[in-house]
Amino acid sequence: MSARVREIYVGDQREAPMKFVRRIEAIAGKGLDGDRYALGTGSYSKSKGIREVTLIEIEALWNFFRVSGIDLHPGLTRRNIVTEGIQLSDLVGSSFSIGPVSFLGLRPCPPCRHLAKLIGMPEVLDGLAHSGGIYAQVLSGGPIRIDDPVILDASLTTVNYEN
């Protein structure tokens, strides 16, 4: 199976429930249209580091369930894009595309205490510590849809740990 987008979520306000969407517009240098981080209203919007888009692997959630017995809904992770068929840690420091949109993988995005408290699941701190997803920067905008392919662009690999 090739790597693909399985689900997409946006939250328009800090701590508000994430909303499932089938299509979203990515905006270069901002994030996803209508999402709290593109709007500058996210819990960590004023913190150091780029937080335009977050991604998590559905396989990480399946593994979390196998180990913990907790069925964590992807929307509760507060990640924007749920992928299938790709190890997201391989995208850190590299450019990749989702459909027509180009991204730069920035750094790991482990769950934080704020998330654990917000969803009432302290188990996520240890359970997803090494598989909580990644942060990414939108390099070129466009639409992202469910089932869009996720493709590593090996020719444009960059390393930037400051973001």
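Tally up the residues in the stretch 133-142 that are in contact with a Pro (Cβ under 7 Å, 6 or more places away or on another chain) and farther than 13 Å from Asn80 by Cβ, please.
Selection size over the stretch 133-142: 1.
Strands (runs of 3 or more DSSP E) fully within the stretch 26-109 that include at least 1 residues being at negative phi and either among the aromatic types (Phe, Trp, Tyr) or modelled with pLDDT under 95 (or both): 53-57, 95-98, 101-108. Condition first: surrounded by fewer than 18 Cβ atoms within 10 Å (Cβ to Cβ) and among the aromatic types (Phe, Trp, Tyr). Now tell me which residues in the stretch 60-93 satisfy that. Answer for the stretch 60-93, where residues must be surrounded by fewer than 18 Cβ atoms within 10 Å (Cβ to Cβ) and among the aromatic types (Phe, Trp, Tyr): Trp62, Phe65. Candidates in the stretch 1-21 are the residues that are among the aliphatic types (A, V, I, L, M) and assigned to a loop (DSSP other than H, G, I, E, B); of these, the one that is modelled with the lowest pLDDT is Met1.
The values are calculated or read from the model by the stated rules, or taken from the named source; none is laboratory data. Fair warning: this is a prediction, and the values are worked out from it, not measured in the lab. FYI the Cβ positions are ideal-geometry reconstructions off the backbone, even for glycines, and counts take in every protein chain you see.
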